[in-house]
Amino acid sequence: MSAVAWLTQFLEVLAALVLAPLFLGWVNACRAWLQNRRAPSLLLPYHGIRKLFHKDAVIAESASPLFRLAPYVVFGAMVAAAAVIPSMGTGLPFRSAADAIALVGLFAIARVFMSLAAMDIGTAFGTLGARRDMMIGFLAEPALLMVIFVASLLSATTALPLIAERLVIQPLALYPSLAFTAVAFTMVLLAENARIPVDNPATHLELTMIHEAMLLEYSARHLALMEWAAALKLFNYACIGFALFVPWGASIGSTGIGALALSLPALLAKLAVAGLWLALLETVSAKLRVFRAPEFMATAFMFAVLGLLVHLLLGA
Amino acid sequence: MQHTPFDLQLLNACAAILLLLSFAMLAQRRIVALVNLLALQGAMLFIATMLLAWRTGQNHLYVSAALTLGLKVIALPWLLHVLIKRLNVQWDSEPLLNVPGTMLIGLVTVVFSFGLAQPIAELASTATRNSLGIAVAVILLAFITMITRRKAMSQVVGFLSMENGLFFGAMSATYGMPMIVEFGVALDVLVAMLVLGVFFFQIREQFDSLDLHNLESLKEDQ
């Protein structure tokens, strides 16, 4: 492994850690602009995390060690995921481990620990949030796997870096199957990251919460880690989307340091567009009732399977 | 993966979008949106026919494309919209069987029709033979749309969507039917639409609603 590859790997994780809160801030700012509100500072998520790290943690008496452990596991899973997603370059040392199915597994670990921790205290809202999150998770996961299978069929591999490489190397063509799966992926992204049609990240009403309800008992550094992990998850999902559908701009293969330097502005540009797009989607859609969420996820699954079938039939 | 020419790629994309629109119709509750989707499907069919005509140089396909545009994109949806307004059912939405279930049935249908079309497609010599599976799927999905609806209006929309599928199937298997048959079918659809329009008013006169459920009982006083 060359030094450039390790540098890519290091920079990628660093970029994920640093840019994730900024991306979240950007999405929130775009949303505020689109809704004719004054936008909060782009750096607000950083301030929030810093403030939380300086506070003293309060933990419920009934909490088990699992409750304390969960934020570190969730955060760790997200950082590990960021390490295997080819956001800046595809010539990663972790390349052989960057299997897309393993990635889905990493997200599942984070979800399981988060739900267990939410149930651990035994409050009503925590349990409610955990159950809802599990329901959405188990509906979103098959859709996400289907999306990945379509991309894998197109490039005959389940390794994300290789999928991204194949798409860049191939001559530019119209892939209806990829277009369908892109729609499915966007829907999964919205559902998994507790964005608007499924969950409202800005809500203060406990009865409608999903993601927030699980964090109600957390405070200080634990909450900071959880929120940072949530931002990382959004960032990771965006980067998976880039790797699957718009890998252009990332440095391909084991190229020199020049391509790596160019890949950062490319990533930033892609993130800016994705954030705007996400904010637009959230602004034009209304939050669904919880019982309509399965319909939403079924539609995502349908899109993904349709992409698969269209690929099998038309070969495109 | 071999490189396919760009116009064929576009045709494939059209076919894929047709299939998607069929699914959208399957899941749509509102009648006005259903009619709009039908118009969109007609528009996609028009684009596909134009592309195919341009690609194969068969002039009669231009005529059928024009027919598609006039009839399926403009006339029939307009007629349906007028009917909806006259019957005052704009805000009608009908309860479907649960949407995820219908979608799954739809997906199984698509797999079935792809399997069904595979051996037939191998016999055809056209460049678009792969889309035959999609055409069969559109027909069967329209069928399901008709089966799961109870309002007369949505059943008619399903019927028209089925005609779209048949047309697309003929196009992809043999580059379109003979001109005379196409004109005959177009006339049939138009007349059927007009007759059904009269029917709607009669049904509503009789039962005060367009729910075909009422037709199932033999006597009025029950």
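The values are calculated or read from the model by the stated rules, or taken from the named source; none is laboratory data. It should be emphasised that the depicted structure is a prediction, and the values quoted were computed from it without experimental measurement. Because the Cβ atoms are built from the backbone with ideal geometry, glycine has one as well, and the counts that use them run over all protein chains shown.
Among the helices (runs of 4 or more DSSP H) confined wholly to segment B:1-78, which include 1 or more residues that are surrounded by 20 or more Cβ atoms within 10 Å (Cβ to Cβ) and away from every other protein chain (no Cβ under 14 Å)?
Values: elements: B:6-27, B:31-56, B:59-68.
Of the helices (runs of 4 or more DSSP H) lying wholly inside segment B:1-78, those with at least 1 residues that are surrounded by 20 or more Cβ atoms within 10 Å (Cβ to Cβ) and away from every other protein chain (no Cβ under 14 Å) span B:31-56, B:59-68.
Select from segment A:41-75 the residues that are of a type in the set (K, R) and part of a helix (DSSP H, G or I) and list them in ascending order.
Step one: of segment A:41-75, the residues of a type in the set (K, R) are A:50-51, A:55, A:68.
Selection gives A:R50, A:K51, A:R68.
Can you tell me which residue is nearest to the other protein chains (Cβ to nearest Cβ) among those in segment A:188-209 that are more than 26 Å from A:G105 (Cβ to Cβ) and assigned to a helix (DSSP H, G or I)?
Here the residue is A:T208.
Can you tell me how many residues in segment A:233-265 are without any contact (Cβ under 8 Å) to a residue 60 or more places away in the chain and under 12 Å from A:V168 (Cβ atoms)? Steps first, answer last, please.
Within segment A:233-265, the first condition is being without any contact (Cβ under 8 Å) to a residue 60 or more places away in the chain, and the residues that meet it are A:237, A:241, A:246, A:249, A:258, A:261-262, A:265.
This time we only want the ones that are under 12 Å from A:V168 (Cβ atoms), so: A:246, A:249.
Number of matching residues: 2.
Just the residues that are surrounded by fewer than 19 Cβ atoms within 10 Å (Cβ to Cβ) and touching a His at 6+ places or on another chain (Cβ under 7 Å), please, taken from segment A:128-172.
A:L153, A:P171
Of the conditions (1) buried (at least 18 other Cβ atoms within 10 Å of the Cβ); (2) part of a helix (DSSP H, G or I), B:V89 fails just one. Which one is it?
The one condition B:V89 does not meet is (2).
Which count do you get for residues in segment A:183-226 that are under 28 Å from A:V147 (Cβ atoms) and surrounded by fewer than 20 Cβ atoms within 10 Å (Cβ to Cβ)? First the steps, then the outcome.
Of segment A:183-226, the ones under 28 Å from A:V147 (Cβ atoms) are A:183-203, A:208-215, A:226.
Subset that is surrounded by fewer than 20 Cβ atoms within 10 Å (Cβ to Cβ): A:183, A:197, A:200-203, A:208.
The qualifying residues number 7.
Can B:A121 be described as within 21 Å of A:G315 (Cβ to Cβ), in contact with a Lys or Arg (Cβ under 9 Å, 6 or more places away or on another chain) and part of a loop (DSSP other than H, G, I, E, B)? Walk me through it before giving the result.
Values: within 21 Å of A:G315 (Cβ to Cβ): yes; in contact with a Lys or Arg (Cβ under 9 Å, 6 or more places away or on another chain): yes; part of a loop (DSSP other than H, G, I, E, B): no.
The answer is no for B:A121.
For (1) buried (at least 16 other Cβ atoms within 10 Å of the Cβ); (2) more than 23 Å from B:A39 (Cα to Cα); (3) hydrophobic (A, V, I, L, M, F, W, C); (4) within 14 Å of another protein chain (Cβ to nearest Cβ), each residue gets a yes or a no:
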residue: B:A137; (1), (2), (3), (4): yes, no, yes, yes
residue: B:F143; (1), (2), (3), (4): yes, no, yes, no
residue: B:S161; (1), (2), (3), (4): yes, no, no, no
residue: B:F167; (1), (2), (3), (4): yes, no, yes, no
residue: B:L190; (1), (2), (3), (4): no, no, yes, no
residue: B:V195; (1), (2), (3), (4): no, no, yes, no
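Answer yes or no as to whether B:G133 is free of Cβ contacts under 8 Å to residues at least 40 places away in the same chain, within 14 Å of chain A (Cβ to nearest Cβ) and in a helix (DSSP H, G or I). Can you show your working first?
Numbers: free of Cβ contacts under 8 Å to residues at least 40 places away in the same chain: yes; within 14 Å of chain A (Cβ to nearest Cβ): yes; in a helix (DSSP H, G or I): yes.
Spelling it out, B:G133 is indeed free of Cβ contacts under 8 Å to residues at least 40 places away in the same chain, within 14 Å of chain A (Cβ to nearest Cβ) and in a helix (DSSP H, G or I).
When both residues are 6+ apart or on different chains and their Cβ atoms are under 7 Å apart, which pairs have a first residue that lies in segment A:144-168 and is over 14 Å from A:T181 (Cβ atoms) and part of a helix (DSSP H, G or I), and a second that is of a type in the set (K, R) and at pLDDT below 80?
As it stands, the answer is A:P161/A:R95, since those pairs meet every condition given.
Is one or more of the residues making up segment A:73-85 buried (at least 21 other Cβ atoms within 10 Å of the Cβ) and touching a strand residue (DSSP E or B) at 6+ places or on another chain (Cβ under 9 Å)?
Taking every residue of segment A:73-85 in turn, at least one turns out to be buried (at least 21 other Cβ atoms within 10 Å of the Cβ) and touching a strand residue (DSSP E or B) at 6+ places or on another chain (Cβ under 9 Å).
So which of B:V189, B:V181 is assigned to a helix (DSSP H, G or I), among the hydrophobic types (A, V, I, L, M, F, W, C) and touching a helix residue (DSSP H, G or I) at 6+ places or on another chain (Cβ under 6 Å)?
B:V189
Among the residues of segment A:264-316, count how many are over 22 Å from B:A15 (Cβ atoms) and either facing chain B (nearest Cβ under 10 Å) or not in a helix (DSSP H, G or I) (or both).
Looking only at that region, the number is 11.
Scan segment A:93-118 residue by residue and report those that are in a helix (DSSP H, G or I) and small (G, A, S). Working first, answer last.
Taking segment A:93-118 and keeping what is in a helix (DSSP H, G or I), we get A:93-97, A:100-118.
A:S96, A:A97, A:A100, A:A102, A:G105, A:A108, A:A110, A:S115, A:A117, A:A118 - these are the residues of segment A:93-118 that are in a helix (DSSP H, G or I) and small (G, A, S).
Is segment B:180-187 home to any residue that is of a type in the set (D, E, K, R) and buried (at least 16 other Cβ atoms within 10 Å of the Cβ)?
The first filter runs over segment B:180-187 and keeps only residues of a type in the set (D, E, K, R), leaving B:182.
Checking the rest, the ones that are also buried (at least 16 other Cβ atoms within 10 Å of the Cβ) come to B:182.
Within segment B:180-187, one or more residues are of a type in the set (D, E, K, R) and buried (at least 16 other Cβ atoms within 10 Å of the Cβ).
Have a look at A:F180, A:F242, A:F185 and point out the one that is closer than 30 Å to A:A293 by Cβ, within 14 Å of chain B (Cβ to nearest Cβ) and either in a helix (DSSP H, G or I) or of a type in the set (K, R) (or both).
Checking each option against the conditions leaves just A:F180.
So in segment B:192-222, with the set limited to residues that are outside any helix (DSSP H, G or I) and of a type outside the set (D, E), which one is farthest from the chain's Cα centre (by Cα)? Before the answer, list the steps.
Step one: of segment B:192-222, the residues outside any helix (DSSP H, G or I) are B:208-211, B:217-222.
Restricting the remaining residues to those that are of a type outside the set (D, E) gives B:209-210, B:217-219, B:222.
Numbers: B:S209: 24, B:L210: 21, B:S217: 30, B:L218: 31, B:K219: 34, B:Q222: 36 Å.
The extreme case among them is B:Q222.
Can you name every residue in segment A:105-127 that is touching a residue at least 40 places away in the same chain (Cβ under 8 Å) and either of a type in the set (K, R) or surrounded by 19 or more Cβ atoms within 10 Å (Cβ to Cβ) (or both)?
Of segment A:105-127, the ones touching a residue at least 40 places away in the same chain (Cβ under 8 Å) are A:107, A:110, A:113-118, A:120-123, A:125-126.
Matches in segment A:105-127: A:F107, A:A110, A:F113, A:M114, A:S115, A:A117, A:A118, A:D120, A:I121, A:G126.
Which one of these does A:A272 not meet: (1) closer than 26 Å to A:P201 by Cα; (2) surrounded by 19 or more Cβ atoms within 10 Å (Cβ to Cβ)?
(2)
Any idea how many residues of segment B:80-111 are farther than 17 Å from B:S161 by Cβ and within 11 Å of another protein chain (Cβ to nearest Cβ)? Lay out the reasoning, then the answer.
The initial filter retains those residues of segment B:80-111 that are farther than 17 Å from B:S161 by Cβ, namely B:82, B:85-93, B:95, B:97-101, B:104, B:107-108, B:111.
When the remaining residues are screened for being within 11 Å of another protein chain (Cβ to nearest Cβ), the result is B:98-101, B:104, B:107-108, B:111.
Total meeting the criteria: 8.
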